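First the structure, in the form of structure tokens, and then the observations on it.
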Ligand SMILES: Nc1ncnc2c1ncn2[C@@H]1O[C@H](COP(=O)(O)OP(=O)(O)OP(=O)(O)O)[C@@H](O)[C@H]1O
Ligand SMILES: [Mg+2]
């Protein structure tokens, strides 16, 4: 190969055709390049033919680029070797696609066998979001007269009820949960948080008192200026609210709840100067900041979740109906349907006879549902190779867990 001089690490990853492998490296480090070279190595070493390799990328553009590059590299590598001519001709049979196209192809291929009609259009993400947003707006308008107090907790800085409901709804589906399952899980999680946050609250009040006493010493530092002036100055007037919360003597009114949430949103831990306030105080403050929003009573949690999931149930019905009327599926439906189909024993058997290698580029952007699809196909006879850069994950911004990447990485290590 002409200019490409792989580094030792790249070489090791490209040559790892017999073992599962996970590669993490920064932007532009040559991850995609390695993935493409690895495909070629697999074919050159007769481990598999191109059509037995599935490569998943994140966007259509990336898929097209990968196809072009693979063909180009295959040509460079194979065209002057007669015995490889037939193989070269097959380079375009390598299944390089986005996860969405991969799911579509599974559905098109097997749906009829399973007596399902594949007569639908797939909405692109903007279109489905529009339809979902419309469903949410309709439901909220219909509920307008009802008391929405329980949603007060969400009224923090960047609050946008429609947007947040849409992302909650889609997150639940991307995790592959039903609304009932999600409600159950959230309920447990919130109740745990309520328990744990009473201790955190004690520490928090304590730490804020200490920080308040220190505030004169810290005033000179510009780094801490915002924290001092805004957060600590307002501590005395908010302290009572936190005591009330801790003592649980009276029910916290929605306006007090809102005041607490607003006060907490003033906290920007990045501005707290460790040297001046001491590590312990900062830890307590940041930890308290994470859990305190959950701290309302257990009754509060129940009514919040009941209200929230009532809305989500209504939204779900409306949205499903709108899609049905229009004969459309969104990306998540597509993946759920593909997963359901892949899980059928006959289908799985057929697919596993065809697939020897699965490679995933930009793995950090693979959501839970997509990982389940990949996991479903990652049988003993299939080799998995994932590459990605956890730092570039779009899911960080959506608040989902990049931990999933790490989880698969660990499994790969475990399975060799
Ligand atoms: N060892 C190398 N020698 C020379 N060029 C290289 C080497 N490794 C990668 N490159 C080149 O660097 C560029 C970036 O590589 P590539 O797209 O594979 O990076 P990436 O890690 O996938 O980036 P991203 O994080 O943006 O997906 C490409 O043009 C590739 O050909
Ligand atoms: Mg890349």
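We did not get these values from a lab; they are worked out from the coordinates using the rules stated. In this text, all values refer to a predicted model and were calculated from it rather than measured experimentally. Note that each Cβ is placed from the backbone with ideal geometry, even for glycine, and that neighbours are counted across all protein chains shown.
How long are the three semi-axes of the equivalent ellipsoid for the range 1-136, computed from the Cα gyration tensor as the root of 5 times each eigenvalue, in whole Å, largest first?
Listed largest to smallest, the semi-axes of the range 1-136 are 33, 20, 13 Å.
Output the peptides 22-33, 381-392 sorted from most to least packed, where packing is the average of other Cβ atoms within 10 Å over each peptide's residues.
Most protected by this proxy first, the peptides run 381-392, 22-33.
Rounded to the nearest 0.05, what FRET efficiency do residue 265 and residue 181 give with R0 = 30 Å and r taken as the Cβ-Cβ distance? Could you check?
It comes to 0.50.
Once both labels are modelled 7 Å past Cα along the beta-carbon direction, what's the residue 75-residue 206 spacing in nm?
Modelled inter-label distance: 7.1 nm.
With label points built 7 Å along Cα→Cβ from the Cα atoms of residue 89 and residue 348, find their separation and express it in nm.
Once both label points are built, they end up 3.7 nm from each other.
Which order results if 332, 36, 139 are arranged by neighbouring Cβ count within 10 Å, fewest first?
332, 139, 36
Separation between the residue 325 and residue 44 pseudo-spin-labels, each 7 Å from Cα along Cα→Cβ, expressed in nm?
Result for the modelled spin labels: 5.8 nm.
On a C-alpha basis, how far is the centre of the range 342-383 from the centre of the range 1-35 in Å? Whole number, if you could?
22 Å
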